[in-house]
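In what follows, a structure is listed as structure tokens, so that the remarks can point back to it.
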Amino acid sequence: MGLAFEIGPLKFVLAPYSGGLPELVYNPYSWTKMANILLLDSPVGSSFSFARDPKGYDVGDYSSSSQVQIFLNKWFTDHPQFLSNPFYIGGDSYAGKVIPLIAQGISEGIDMGQQPTINLKGYMVGNPITDPKFDENYKVPSAHGFGIISDEIYETAVKNCKGDYVNHVSEMCVEVLHTINNLISEISIEHILYKKCDVVAPNTIDDASRRKFLLEESTKLNKPPARPTVDCLTYGYYLA
């Protein structure tokens, strides 16, 4: 995702699929034009990361954050020429829970004189999950701020929900939140200026089938996902 659809140097050519391999081109807005980037699969077990010991997959937010810090210390030890570079750590979605932990751990290591000394300058989170209570509650003020709901609807929500849009406190609160959710459903929540399109994701593969794929015992593929129109950003996901 990061490589081909977000900050990386590649992107898919959004052209109607006609068989064969879709084309890739360089992304003119890639962050690699102005920075060295490490794309890390974390926690263990996600994407290409793995553990030789099954117990290695038993990780949570704190333990996986510690593993990232260990990785970074080892990486900078092996590549000291990058130590003087300003260093930022970032992630999106669920990483909103762990990126601050990792940044705090690096910062504390610097204060304690831990070597190598990483030149930490800050951290970044995109569309981050924090705490469900705060995330859900801020959907309504955000929708108002972006102009998705009117002043009248927003004021009705404030009056009847009393600032709590998670635990509905009255019948009127339920009604106005239903109206707000209907309005939000009409836009792309990932980017309100994008066309609302089908979200494309691969079908789930069970563990037995996955092992067969890895062992090259089977060439049977899943049925293709629903196809969005070619002018959709998500058409790239379909091509992938």
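Just so you know, all these numbers are worked out from the coordinates, no wet-lab data involved. From a predicted model like this one, the values you see are computed outputs, not experimental measurements. A quick note on method: Cβ atoms are made from the backbone with ideal geometry, for glycine too, and the neighbour counts reach across all protein chains shown.
I'm told Gly122 meets every condition in (1) at negative phi; (2) touching a strand residue (DSSP E or B) at 6+ places or on another chain (Cβ under 9 Å) except one. Can you identify the failing condition by its number?
(1)
Can you tell me which residues in segment 53-71 are within 13 Å of Val98 (Cβ to Cβ) and out of contact with any Leu (no Cβ under 8 Å at 6 or more places or on another chain)?
Result: Val59, Gly60, Ser63, Ser64, Ser66, Gln67, Gln69.
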